[in-house]
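See structure below.
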Amino acid sequence: MIIDSNKIQKVIDDSPQDKKQLIMILQNIQLEFHYLPKESIGLVSEYLGMPQSTVYSAATFYKSFSLVPRGENIIKVCKGTACHIKGADLIIDQLYAGIGIKPGQTTKDMKYTIEVVNCVGACAMAPVMIVNDKYFGEVKCNRATKLVKKG
Amino acid sequence: MKIDSIAKLDKWRKEIQTKQKAIKTKILICLGPGCLAGGSDKILKEFQTILKKKKIKDVLVESVKKTGCHGFCARGPMVIIEPLGIFYSKVKKVHVKDIIEKTLQKGEIIEKLLYKDPDTDKIYKEWRKIPFYARQQKIALRNVGQIDPDEITDYIVNGGYSALAKILKGMKPDEVIDQVSKSGLRGRGGAGFSTGRKWVTCAKAEENPHYVLCNGDEGDPGAFMDRCIMEGDPHTVLEGMIICAYAVGSQEGYIYVREEYPLAVVNLQKAIDDARKFGLLGDNILGTDLCFDLKISKGGGAFVCGESSALMRSVAGEIGEPRAKYVRSVLKGLHDKPTVLNNVETFANIPVIIEKGADWFAAIGTKKSTGTKAFSLAGKIKNTGLIEVPMGIKLKEIIYDIGGGINDNRKFKAVQTGGPSGGCLPADKLDLEVDFDTLADNGSMMGSGGMVVMDDRTCMVDVSRYFLNFLVEESCGKCVPCREGLFQLHKLNEKICEGKGTEDELKLMENLSKTIISGSLCGLGQSGPNPFLSTIMYFRDEYEAHVKKQECPGGVCKKLITYKINDDCNGCMACLSVCAASAITGKKKEQHTIDEVKCDRCGACYAVCNINAIDII
Ligand SMILES: Cc1cc2nc3c(=O)[nH]c(=O)nc-3n(C[C@H](O)[C@H](O)[C@H](O)COP(=O)(O)O)c2cc1C
Ligand code: SF4
Ligand code: FES
């Protein structure tokens, strides 16, 4: 995937030039491109006048940042305590059988990415799966793939 | 309109009261996380669409209100009709027309939507009478599920910002702190530190400026109380923080919200904007000398950022690594300045304490743990949801009287409290009173309030492995005992789950735990071994079954179990179609069989079989 650095620069320029806002700037870039393109590390470091290593360490410390491109549809499977004991692993297994990827992976056609999250605060409905911000509660494992494809 | 005096606030409140009196009937629709997943947003729209076209006495389009989590998530989506308190549960969009035509127009009750107690078969018309609600007492959650979080007027009409008015009218900062201290309020974020003591220390600190922070990171998996407060009643958090700012002399504050809670961010931001617009935040609040403003800071998905010093670094745009606290963060906090950090629920209690007085609050709960506590009930329990109960209530009462007991009436095995820093308590501890000290004395902890209930189909060795895995991922890596120790502990735990552990290794794990606890800098490492220590303390027999007999009594650990189809199988093909390993064979309407060699023990067949025709051996 090729991303125009000018576009990244634009997002950066729209953010305050303040070292304290490092994480917010990275969040803004990720919001736009769904991940942090490689160039963004250098661009942010120049903009804020801090070493690339500092930007890189923040980008790798926080789980919400991804350094690799993510698919069009993000599937989040909750593996919080409540979801774990109510069979979150089964959902992951069934999704693997259904669309052929494991958590952390993206399908070749860039359509789906599966991510594991630790509790999304809907534990009462465990096990929970989120497809592009739509919550599915009490997910039956044999329906997981269908729910994903329906979106 | 700026509300630039206390008199104006009172006048405004009266005006709203008069206006809202015109709306006699209220239809509350819960948009909490659970009900939303069940499609309550569609129900809300349907009500609005139909009511726009219909004329019904006492019912207006404004009668329909969206609210935060009403609590009884297991019965969602729910619709509540006030003032009668009619409680319709498991509502679907198709029911809306019926509710309007029968209940709203003719006053008829639709029985099939009412709650029926599965044990007694008793049908309840009014939500307050349902056992799930009847045992509760709501302070921090008083408005959650009752008001529209987007409407500042809803908050104000229910007495919102009157605690703020009260202190500005005639209480000195130290009198405010005195009330908070006397109330006995202890931090609801986990450690249970005295809130009043924290505020006093900050107020007396000479360095300036002072900051007020709210911890909305809620990283404990299995907990969602803070989410529901931030989403369902954001103004109470704001009011609590403004009162704190007045008490400790601060002009700037932040609410740190985890990024998994986008709706909380939206609702809080709306509340902040509204409060600013009406002069309840910003310069010269309510026309007084008090100046205080707030910003939201979004987390980046790191559990350790809930820890005080890590959170402060994260707010400052740095990496959220905890620091050594030779000087406490209340003296050297955000930007190294004096800082009060409190949990969401802690702040939510403050307005009520100021309003009703310290003595009133201190009379609730136990002597050393005053007030109430919000819990999220999840796991294998019938009535999952959000509750608030007086401290000192017995675990048994929460799990059986409020929670309705275990799913499918199976056997209770353990309840996990305190998240990854807490522990699991077994059946013979169900008589324990829930307060900070009793839980800690028994190898668990109050934590932030997540309660995950486990039944006999849960493996405690697997639960310990689960938490250790979580902590290995979340350790920031600064301290060797935490980073490497938890990693090794997890590895040894995993070996046990595979039936390869030895008794010597169990001893090794206990020793290693001691090292991790004493050699770690922050709470994550210091309490990291707790899930292991509490499970081995109460469920040693399960560890021994894994180690000595290579058996998993809970039927969870994949390497130690096999699945077999029994004679009850009616050949419905459900398991066959779900088996990803193609290990199941059999014709329609004939008994199926599982090929033990091909089977990878995922358990999907077991999960889909509706007639218990699959045994775990
Ligand atoms: C690893 C770790 C994670 C924590 N996570 C949270 C959290 O998510 N929410 C919270 O309120 N407190 C959390 N705490 C506790 C905070 O450090 C702090 O004690 C608390 O926010 C203080 O507020 P309180 O006195 O009102 O409870 C955590 C502590 C540790 C060590
Ligand atoms: S105890 Fe663990 S999480 Fe805490 S500072 Fe040390 S390494 Fe980081
Ligand atoms: S454990 Fe999955 S939503 Fe909380």
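Any read-out appearing in this document is the output of simple, stated calculations on the displayed coordinates, not a laboratory observation. Since the structure is predicted, the reported quantities are computational estimates derived from the model, not experimental observations. Note: ideal-geometry Cβ built from the backbone for every residue, glycine included; neighbour counts use all protein chains shown.
The angle separating the long axis of helix A:38-48 from the principal Cα axis of greatest extent in chain A is about 50 degrees. Counting only GluC sites (Glu not before Pro) that are in a DSSP loop and have at most 12 other C-beta atoms within 10 Å, tell me the longest site-free stretch of chain B. After excluding every exposed loop site, the longest remaining stretch is B:208-589.
The trypsin sites (Lys or Arg not before Pro) of the range A:59-151 that DSSP puts in a loop, and whose beta carbon has at most 15 other beta carbons within 10 Å, are A:Lys108, A:Lys111.
Note on A:Asp109 and B:Val597: their simple-model spin labels are 3.6 nm apart, each label 7 Å out from Cα toward Cβ.
Long hydrophobic helices in chain B, taken as whole DSSP H segments with a C-alpha length of 18 Å or more on their own axis and mean Kyte-Doolittle hydropathy at least -0.5: B:234-248, B:262-277, B:344-356, B:460-474, B:503-519. By the Cβ distance rule of under 4.7 Å, chain A has these cysteines without a partner: A:Cys119, A:Cys123, A:Cys141. Net charge of the neighbourhood of B:Phe292, taken over other residues with C-beta under 12 Å away and scored Lys/Arg +1, Asp/Glu -1, is -3.
Relative to the dominant Cα principal axis of chain A, helix A:22-33 is inclined by about 60°.
Rounded to the nearest 20, the size of the Cβ-charge dipole of the range A:73-150 about its Cα centre is 240 debye, with Lys and Arg at +1 and Asp and Glu at -1.
As a calculated quantity, the FRET efficiency between B:Lys52 and B:Glu503 at R0 = 56 Å, using C-beta atoms, amounts to about 0.20. Number of Lys-Lys pairs in the range B:545-617 with C-alpha atoms under 22 Å apart and a separation of 8 or more places or on different chains: 13. Ordering B:Trp199, B:Trp360, B:Trp12 from the fewest to the most neighbouring beta carbons within 10 Å gives B:Trp360, B:Trp12, B:Trp199. Ellipticity at 222 nm from helices only: DSSP H runs of n ≥ 4 in the protein assembly as shown, each -39500 (n - 2.57), divided by the residue count, give -11000 deg cm²/dmol. In this rough spin-label picture, where each label sits 7 Å from Cα along the Cβ direction, the A:Ser5-A:Gln52 distance is 1.0 nm. Can you tell me the FRET efficiency between B:Glu544 and A:Asn28 if r is taken as the Cβ-Cβ distance and R0 is 41 Å, rounded to the nearest 0.05? For R0 = 41 Å, the calculated efficiency reads 0.15.
Cross-link partners of B:Lys42 among lysines, defined as those whose alpha carbon lies under 19 angstrom from its own and excluding same-chain residues fewer than eight positions apart: A:Lys134, A:Lys150, B:Lys26, B:Lys52, B:Lys53, B:Lys54, B:Lys65, B:Lys66, B:Lys90, B:Lys92, B:Lys93, B:Lys97. To make sure I understand the rule: partners must be aspartates and glutamates, Cα under 20 Å from the Cα of A:Lys111, and not fewer than 8 residues away in the same chain. Which ones qualify? Within reach: A:Glu32, A:Glu72, A:Asp93, A:Asp133. Can you say what percent of the DSSP beta bridges in chain B, counting only those with both residues inside, are antiparallel? Round to 5. Beta bridges within chain B, antiparallel portion: roughly 60 percent. With neighbours defined as other Cβ atoms within 10 Å of a residue's Cβ, the residues B:Thr25, B:Thr562, B:Thr458, B:Thr372 order from fewest to most as B:Thr562, B:Thr25, B:Thr458, B:Thr372. If a/c stays under 1.5 just call it rounded; otherwise compare a/b with b/c (prolate if a/b is bigger, oblate if not). Do that for the range B:553-610, with a ≥ b ≥ c from the square roots of the Cα gyration tensor eigenvalues. Because a/c hits 1.5 or more and a/b exceeds b/c, the range B:553-610 counts as prolate. Take every pair of alpha-carbon atoms less than 8 Å apart whose residues are at least six positions apart; their mean separation over the length of the range B:297-355 yields a relative contact order of 22 percent.
So for chain B, taking the charge dipole from beta-carbon charges (+1 Lys/Arg, -1 Asp/Glu), which of B:His95, B:Ile152, B:Ser513 sits furthest toward the positive end? Result: B:His95. Across chain A, Cα pairs under 8 Å and at least six residues apart give a relative contact order of 20 percent.
Only Cα pairs under 8 Å and 6+ residues apart enter the sum, and on that basis the relative contact order of chain B stands at 12 percent. What FRET efficiency would be calculated for the residue pair B:Arg276, B:Lys90, taking the C-beta separation as r and a Förster radius of 51 Å, to the nearest 0.05? Between B:Arg276 and B:Lys90 the formula returns 0.80. Straight Cα distances below 15 angstrom link B:Lys125 to the aspartates and glutamates B:Glu82, B:Glu108, B:Glu111, B:Asp117, with same-chain residues fewer than 8 positions distant left out. Just going by the charge dipole of the range B:22-128, with Lys and Arg at +1 and Asp and Glu at -1 on Cβ, which of B:Met78, B:Leu36, B:Ile50 is farthest out on the positive end? Checked the options; the winner is B:Ile50. Taking 0.36 nm per residue of separation and subtracting the current Cα-Cα distance, fully stretching the chain between B:Lys514 and B:Lys97 would add 143.9 nm. Each residue, B:Ala440 and B:Lys367, gets one label point 7 Å from its Cα in the Cβ direction; the gap between the two is 1.7 nm.
Restriction of the trypsin sites (Lys or Arg not before Pro) in the range B:283-365 to DSSP coil positions whose beta-carbon has at most 16 other beta-carbons within 10 angstrom yields B:Lys325, B:Arg328. Remark: the B:Glu175-B:Lys295 segment gains 40.5 nm on full extension, using 0.36 nm per residue and subtracting the alpha carbon distance.
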